[in-house]
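The block underneath contains the structure these notes are about, expressed in structure tokens.
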Amino acid sequence: MAMNAQLVHPAKSKRPLVPARKQAPAATSAPTHATCDALYLMILERAYELHVEQGHRIGSALDDWLEAEREILSHTRGE
């Protein structure tokens, strides 16, 4: 069986072995670390407020966090 393709050492090849990747366009509204940190702190403060409002219930931390997250995220999205 004859091969028509010629083998070329990768260092001598003029073509890249892997096609160049296109850069994805930069998202204009991509969150930054500062934005994420601020959001986290807002949720944390609201979760603590809920915890205090409900009389420091033991075992309600996750529920308080999720409620705070819902409130903060709906507020930041303008809902």
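Taking every residue in region 41-53 that is under 8 Å from ALA68 (Cα atoms) and pairing it with any residue that is charged (D, E, K, R) and in a helix (DSSP H, G or I), at least 6 positions away or on another chain, the pairs with Cβ-Cβ distances below 7 Å are ILE43/GLU69; ARG46/GLU71; ALA47/ASP64; LEU50/ASP64; LEU50/GLU67.
Right, HIS75: at pLDDT below 95 and assigned to a helix (DSSP H, G or I) or not? Criteria met by HIS75. Going through region 51-69 one residue at a time, which ones are more than 26 Å from the chain's Cα centre (by Cα) and assigned to a helix (DSSP H, G or I)? HIS51, VAL52, GLU53 - these are the residues of region 51-69 that are more than 26 Å from the chain's Cα centre (by Cα) and assigned to a helix (DSSP H, G or I).
The values are calculated or read from the model by the stated rules, or taken from the named source; none is laboratory data. The shown structure was predicted, so the numbers you read here are calculated from the model rather than taken from an experiment. FYI the Cβ positions are ideal-geometry reconstructions off the backbone, even for glycines, and counts take in every protein chain you see.
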